[in-house]
1. Could you work out the relative contact order of the range 59-169? I mean the mean sequence separation of Cα pairs under 8 Å and 6+ apart, divided by the number of residues, in percent.
2. Just check the range 141-218 against the gyration tensor rule for me: Cα atoms, a ≥ b ≥ c as the square roots of the eigenvalues, rounded for a/c under 1.5, and otherwise prolate or oblate depending on whether a/b exceeds b/c.
3. Viscosity 0.692 mPa s, temperature 37 °C: give me the Stokes-Einstein translational D for the range 1-153 in µm²/s, with Rh taken as the Kirkwood radius over C-alpha pairs.
4. Taking only protein heavy atoms and a 1.4 Å probe, what accessible area per residue, in Å², does the range 1-129 have with all protein chains in place?
5. Is the C-alpha gyration tensor of the range 1-63 telling us rounded, prolate or oblate? Criteria: a/c under 1.5 is rounded; beyond that, a/b larger than b/c is prolate, otherwise oblate.
6. Calculate one ³J(HN,Hα) per residue across the range 128-141 by plugging θ = phi - 60° into the Karplus curve 6.51 cos²θ - 1.76 cosθ + 1.60, and present them in order as whole Hz with x for glycine and proline.
7. If I fit a long axis through the Cα atoms of helix 194-204 and take the longest principal axis of the Cα atoms of the chain, what angle between them do I get, 0 to 90°, rounded to 10?
8. Of the accessible area of the chain, with the probe set at 1.4 angstrom, what percent is carbon plus sulfur?
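The values are calculated or read from the model by the stated rules, or taken from the named source; none is laboratory data. Predicted model, so just to flag it, every value in this text is computed and none were measured. With ideal geometry, Cβ positions are generated from the backbone for all residues, glycine too; neighbour counts draw on all protein chains shown. What goes into the accessible areas is simple: the full protein's heavy atoms, side chains included, and nothing from ligands, DNA or RNA. Shrake-Rupley method; radii C 1.70, N 1.55, O 1.52, S 1.80 Å.
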Amino acid sequence: MRIVLWGTRGSLASPGSDTAGYGGNTACVQVHGAPDECVLVLDAGTGIRALGIALCEEERPVHVLLSHLHLDHIQGLGFFAPLFQSGPTSGAPLPCDLTLHDTPLAEFVIDGYRLRADLICHPGPTVGYRIERDGRSMAYLSDHEIALGPDLERTSSDWLSGFSLAEGVDLLVHDAQYTEEEYAERVGWGHSSIAHTIAFGRRAAPGKLVTFHHDPSHTDSVLDRLHLEMAAMAGGLEVAPGYEGAVFELW
Ligand SMILES: [Zn+2]
Ligand SMILES: [Zn+2]
């Protein structure tokens, strides 16, 4: 699998010279394999617009997997070019060959990918995904307030939201929206502080933890500093900053 981040911002698109390094587009992650195989797209934030343009040059099936329906995860759908490409279906509201599904809260298969979705802690129905292929795995927990509920350090893993999705994956893409001070003012808003994200990562023990869903107010220099703070807390856990255009190879 190759994982490409097309949008890493949370809550609201935040373009500007002081966010250009990490990117201002909201959540969108591409997962793909060989050039002739299907593409999985996790969420349809504003980052999906540029991905759609790139996908129009190729002819392969596209599967968009939404985590939930907050605007920052669906706002790009109306600008996703593959939806407006001609398919065999005629008379439909969109010209493409479109099929809609409810996300099953169980294991399911898309071409060579084995997926599992499960509800995670966030306001309104929200799922995280675990994706496995050829013995490699990644998990996507974009909007996740891991600290709301049981004690993160002491609770059994079975009771931790999202744990079974994230446990032992090669790559974990996880909400890291707030500083500790910000979180204290936003308990119940559905997101994690950087310390909570690290604590969850240390429990789930991924090969690499990628920070995601950056707060709109966090400039590149703030995110650089937060990344250093996270790395200092991480112990043996490898933490990579999630920035627009980042590519992770799992082969
Ligand atoms: Zn969000
Ligand atoms: Zn949300």
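1. Relative contact order here is 18 percent.
2. Judged from the Cα gyration tensor, the range 141-218 comes out oblate (a/c at least 1.5, b/c at or above a/b).
3. 200 µm²/s
4. Numbers: 6280 Å² over 129 residues.
Roughly 49 Å² per residue, with all protein chains present.
5. Verdict is prolate for the range 1-63.
6. Listing the rounded values in order: x, 10, 10, 10, 10, 7, 6, x, 10, 8, 9, 10, 10, 10 Hz.
7. Helix 194-204 sits roughly 80 degrees off the main axis of the chain.
8. On the way: 6200 of 11360 Å².
Of all accessible area on the chain, carbon and sulfur atoms account for 55 percent.
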